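Presented below is the structure to which this report refers.
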Amino acid sequence: MSKGTVILAYSGGLDTSCILVWLKEQGYDVIAFLANIGQDEDFEAARIKAEKLGAKKVFIEDLRSEFVEDFIWPSVQANAVYEDRYLLGTAIARPCIARSQVEIARREGAQFVSHGATGKGNDQIRFELTCYALYPEVEAPWSMDANLMHISYESGILENPKSHAPADLYLMTKNPEDSPNTPDVLEIEFGNGVPLKVTNVKEGKSKNSPLDIFSYLNEIGGKHGVGRIDIVENRFIGMKSRGIYETPGGTILLQAHLDIETFTMDKEVRRIKQGLGIKFSELVYNGFWYSPECDFVRHCINKSQENVQGKVQLSVFKGQVYILGRESPKSLYNEELVSMDVQGNYDPCDASGFIRINAVRLREHHRLQGVSSIKK
Amino acid sequence: MSKGTVILAYSGGLDTSCILVWLKEQGYDVIAFLANIGQDEDFEAARIKAEKLGAKKVFIEDLRSEFVEDFIWPSVQANAVYEDRYLLGTAIARPCIARSQVEIARREGAQFVSHGATGKADSLTLSVGAVQIIAPWRIPDFYNRFRGRTDLMEYAQKHGIPVPVTPKAPWSMDANLMHISYESGILENPKSHAPADLYLMTKNPEDSPNTPDVLEIEFGNGVPLKVTNVKEGKSKNSPLDIFSYLNEIGGKHGVGRIDIVENRFIGMKSRGIYETPGGTILLQAHLDIETFTMDKEVRRIKQGLGIKFSELVYNGFWYSPECDFVRHCINKSQENVQGKVQLSVFKGQVYILGRESPKSLYNEELVSMDVQGNYDPCDASGFIRINAVRLREHHRLQGVSSIKK
């Protein structure tokens, strides 16, 4: 007597294969759902494996375009970075997969959804202990999670925070020591804060669909070893964990977007939006993509991007991204106003008054407090 | 009859030389003050020049150590970055120079201090007490008379001010121990690419060494105590030596170059290029040891304070009650930020390799996938379900329309 139907986010790997078998053991009907979010996987082989392990049905869905347009693009608008360094490649993928999974559950009348806590949770421990008896395999020296945006490496030998990662760990980016000795120069065109087009300036070729743009940026970034970080981060559940990430295309986009945004956005709007971007990153990291607060923050961030349009030229070389120049029809940049050679519509006396007014408060403070704080 | 004494922040360059002469013309006694904050300058030649131009006295002060300990180190603690990219090399130097300038003014009984910053530059640290500021580039008599470099050159020639022989670069530069900044001139066109030979403090990554340098930086209270070159074994342990060495390594590998457009305090956007080699290495190392040792929620709050600190410093408010307060809070947060970070420096990039600390909150057993540690996985389920209560209620009311594609 079946306990009900479970939609399992299946990857073909050890973890989710064990979970599939374990769920059947527990009396569930299992529908395997493979989400193609850009990971390097043999989906047909995984389908066959799932069927052999007893999955009632197998769905394979190509989610790459919606991953880029509905999840990566809003993160680009936000300059999404967690704790100043992590570009959220895994955190952004979760809601994308979950959304499809839930839709399939509704369609199939399933009561449950399940996932293999891909190296993040401790539920995996329970499954693995059962599974090793059924499905012995050599354990990788670390855990990996891969999608269109990044590959993450954690656990195993990486758990020692002092140890250096082996040089051959990375799969998505080339070692900068072996990357080309000449840079690639790209021009990225933005509209509403998201990429519309990328052009390789030297070669003249360009891409203009979201998926093609992002894939191409990954290709160039990967070729030049861009986007590698080794960090210790704070997990939502309270512990610190050491992780290594390579986010080639995302890193190029972050720098390009930061540039076009500061070029076109009002200073004070930017300040507020910067805070919202940090908030957005924390919400996404903690798994709250689908929450009223995250909907709200995304809406506000999107509103801020109205005039974030134009073109940024940059070079990519040996693990680094260099902004070369930018232009925009919506820029607030005024060459005459800033020029040292032309006065423009600006009276320098105003600056004196501005400074003196700012100083009123400080003079009063020092009048009372004395100048002890300024002494060496 | 002297109008009073002015302490002029003098650099030896065309601008401040003209200002020196102009101030004397206006009837002031001028004391020239040269601050050594690590810029590449012939200070003795500048002293002689100032005396020739009629400065009553000339003071040259080596402020490099205090620049590092009192201004750069607090900025390291703060992870100070303005608008996500600018490491504040010029903004940090101003209060350092101004502090000494004001002290000299008091000692000498001067009523005025003066500087050569343009009327469009970011406001300098606001002076306090009875000392008044003379900023010639904001005085109509001055800026209407000297509408550009040609006018300054003419004035210089007329008054026997030695005129630079080499043609000026087609941009403006500001250099100190922390960075060199480049602005104006041909750089004012934001679309134009900077010439490859612009940079002076860092090597072009295309020409930098093909093998990385590996460094170990030891931190205490969030500031560097020691840097060691792991391969070569040599180390430095005074603040100035540490920072200078990080500049040397960073410079050698082309680290810390940025080309940005930023929002000035006075409201306009400006395009600037900066090279901050040592500061960039320190930012990455400090971010790492800090997240390794600091509580998650303290870090969140401190991150916001760091952004606030950066804006205050950028806008010239180093000496303000709010900046004192923020610096105090940031310093408090750094109590346990100690340990060692190993990193490699290569072709314009910094790579963290590993870290250790006696004060780390990192618990290998707790995080391990192979050992349960003092952690019950069931708790995670409860935690998630409690977090979901609010979301379930929201979706019950709103429907699930927000989740549909």
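The values are calculated or read from the model by the stated rules, or taken from the named source; none is laboratory data. Computed from a predicted structure; not experimentally measured. We place every Cβ from the backbone using ideal geometry, glycine too, and count neighbours over all the protein chains shown. The area values use the complete protein model at the heavy-atom level, side chains included, leaving out ligands, DNA and RNA. Shrake-Rupley method; radii C 1.70, N 1.55, O 1.52, S 1.80 Å.
Within the P(r) computed for the stretch B:173-213, what percentage of the Cα pairs occupies the region above 16 Å?
49 percent
Under a plain spin-label model, where a point goes 7 Å from the Cα along Cα-to-Cβ, how far apart in nm are B:E335 and A:K202?
Calculated label separation equals 5.4 nm.
For labels at B:D379 and A:A167 in the simple 7 Å Cα→Cβ model, what's the distance in nm?
4.2 nm
Using the Cα centre of the stretch A:278-321 as origin and beta-carbon charges of +1 (Lys, Arg) and -1 (Asp, Glu), tell me which of A:Q309, A:F296, A:N286 is placed farthest towards the positive end of the dipole.
Result: A:Q309, furthest along the dipole toward the positive end.
A:R228's amide H: which non-local residues (gap 5+, or another chain) put their own amide H closer than 5 Å, with H modeled 1.01 Å from N in plane and none for Pro or chain starts?
A:T247
Kirkwood hydrodynamic radius (Cα pairs, Å) of the stretch B:129-278?
About 18.9 Å for the stretch B:129-278.
Out of the DSSP beta bridges found with both residues in chain B, what percent are antiparallel (nearest 5)?
Around 70 percent of the beta bridges assigned by DSSP in chain B are antiparallel ones.
What ³J(HN,Hα) values, in whole Hz, does the Karplus curve 6.51 cos²θ - 1.76 cosθ + 1.60 give for the stretch B:183-195 when θ = phi - 60°, with x put for Gly and Pro?
Listing the rounded values in order: 8, 6, x, 5, 6, 5, 7, x, 7, 6, 7, 5, x Hz.
If I take every Cα pair under 8 Å that is 6 or more residues apart in the stretch B:283-405, average their sequence separation and divide by the length, what percent do I get for the relative contact order?
Once normalised by length, the contact order is 24 percent.
Give me the one-decimal Kirkwood hydrodynamic radius in Å for the protein assembly as shown, with the sum taken over alpha-carbon pairs.
About 28.4 Å for the protein assembly as shown.
Any lysines with Cα under 24 Å of the B:K296 Cα? List them, leaving off those in the same chain fewer than 8 positions away.
A:K120, A:K162, A:K240, A:K273, A:K279, B:K308, B:K332, B:K340, B:K359
Just how much of B:D259 is accessible, in Å², when a 1.4 Å probe is used and the result is rounded to the nearest 10?
Here the residue's solvent-accessible area equals roughly 10 Å².
If you take every DSSP beta bridge fully contained in the protein assembly as shown, what fraction is antiparallel? Give it as a percent rounded to 5.
70 percent
So if I restrict to the alpha-carbon atoms in chain B, what is the Rg, and what is Dmax, the biggest pairwise distance, in Å?
Spelled out, the Cα radius of gyration and Dmax of chain B are 25.3, 86 Å.
Taking the Cα-to-Cβ direction at B:H394 and at A:Q369 and moving 7 Å from each Cα, how far apart do the two end points lie in nm?
Placing both labels 7 Å beyond Cα along the Cβ direction yields 4.0 nm.
Based on the mean of other beta carbon atoms within 10 Å per residue, what is the order of B:47-53, A:161-167, most packed first?
Descending mean neighbour count gives B:47-53, A:161-167.
Place +1 on the Cβ of every Lys and Arg and -1 on the Cβ of every Asp and Glu in the stretch B:221-355, take the dipole about the Cα centre, and give the residue among B:F346, B:G251, B:Y274 whose Cα lies farthest towards its positive end.
Looking along the dipole axis, the top candidate is B:F346.
Which loop GluC sites (Glu not before Pro) in the stretch B:165-241, with loop taken from DSSP, have no more than 16 other Cβ atoms within 10 angstrom of their Cβ?
Here the GluC sites (Glu not before Pro) that fit, given the DSSP loop and packing criteria, are B:E232.
Enumerate the amide H contacts of A:L196 below 5 Å, restricted to partners 5 or more residues apart or on another chain; note that Pro and chain-start residues carry no placed amide H.
A:E189, A:F190, A:G191
Does anyone have the angle between helix B:277-293 and the longest principal axis of chain B? Alpha-carbon axes, 0 to 90°, nearest 10?
30 degrees
Number of Lys pairs in the stretch B:130-230 with C-alpha atoms less than 28 angstrom apart, excluding same-chain neighbours closer than eight positions?
Summing the qualifying lysine pairs gives 5.
Treating each Cα of the stretch B:155-199 as an identical point scatterer and ignoring solvent, apply the Debye formula and state log10 I(q)/I(0) at q = 0.25, 0.32 Å⁻¹.
Each listed q corresponds, in turn, to -0.96, -1.16.
Output the direction-averaged projected area (hull surface divided by four) of the convex hull of the alpha-carbon atoms of the stretch B:12-98, in nm².
Here the figure is 6.7 nm², rounded to one decimal.
Given the DSSP H assignment, sum -39500 (n - 2.57) over each helix run of at least 4 residues in the protein assembly as shown and divide by its residue total; what's the result at 222 nm in deg cm²/dmol, nearest 500?
Per the formula, -12500 deg cm²/dmol.
Taking all protein chains together and a probe of 1.4 Å, list B:H395, B:H328 from the most accessible to the least accessible.
Per-residue accessible area, sorted high to low, gives B:H328, B:H395.
Please work out the FRET efficiency for the pair B:D42 and B:K158, using the Cβ-Cβ distance as r and a Förster radius of 30 Å; give the result to the nearest 0.05.
Efficiency at R0 = 30 Å is approximately 0.75.
When Cβ neighbours within 10 Å are restricted to other protein chains, what is their mean count per residue of peptide A:218-225?
Per residue, the average neighbour count from other chains is 1.
Of the beta bridges DSSP finds with both residues in the stretch B:1-130, what % are antiparallel, to the nearest 5?
Taking every DSSP beta bridge within the stretch B:1-130, about 5 percent pair in antiparallel fashion.
Restricting to DSSP loop positions (anything but H, G, I, E, B) with no more than 15 other Cβ atoms inside 10 Å of their own Cβ, which trypsin sites (Lys or Arg not before Pro) remain in the stretch B:221-290?
Qualifying residues, ordered by number: B:K231, B:K234.
Summarise the partner chain shielding of B:183-190 as one whole number: the mean count of Cβ atoms from other chains within 10 Å of each residue's Cβ.
4
Checking the cross-link filter: which lysines have an alpha carbon closer than 19 Å to that of A:K205, excluding same-chain neighbours under 8 positions apart?
In chain and number order, the partners are A:K197, A:K223, A:K311.
Explain nothing, just the number: dipole magnitude of the stretch A:239-345 about its Cα centre with +1 on each Lys and Arg Cβ and -1 on each Asp and Glu Cβ, in debye rounded to the nearest 20.
It works out to roughly 440 debye.
Under 18 Å from the Cα of A:K3, which aspartates and glutamates turn up, not counting those fewer than eight places away in the same chain?
List returned: A:E25, A:D29, A:E108.
Of the chymotrypsin sites (Phe, Trp or Tyr not before Pro) in the stretch B:288-395, which ones lie in a loop per DSSP and count no more than 10 other C-beta atoms within 10 Å?
Within the stretch B:288-395, no chymotrypsin sites (Phe, Trp or Tyr not before Pro) qualify (loop, at most 10 other Cβ atoms within 10 Å).
Beyond 25 Å, what share of the Cα-Cα pairs of the stretch A:241-366 is found? Please give it as a whole percent.
50 percent
Going by amide H atoms built from the backbone, whose H comes under 5 Å of the H on A:D184, apart from near neighbours?
Distant-sequence amide H within range of A:D184: A:V316.
For the pair A and B, how large is the buried accessible area, both sides, in square angstrom to the nearest 100, if the probe is 1.4 Å?
In total, this chain pair buries about 9700 Å².
For chain A, what is the charge dipole size about the Cα centre, in debye to the nearest 20, if Lys and Arg each add +1 at the Cβ and Asp and Glu each add -1 at the Cβ?
Once rounded to the nearest 20, the dipole reads 1080 debye.
What average count of beta carbons from other chains do you get within 10 Å of the Cβ of residues in A:161-168?
5
Just name one of B:A110, B:Y10, B:L34: the one whose Cα is farthest towards the positive end of the charge dipole of the stretch B:5-134 (beta-carbon charges, Lys/Arg +1, Asp/Glu -1).
Farthest towards the positive pole: B:A110.
If contacts are Cα pairs under 8 angstrom and at least 6 residues apart, what is the relative contact order of the stretch A:181-294 in percent?
Relative contact order of the stretch A:181-294: 17 percent.
Taking the Cα centroid of the stretch B:8-38 and of the stretch B:325-392, what is the distance between the two, rounded to the nearest whole Å?
Here the answer is 51 Å between Cα centres.
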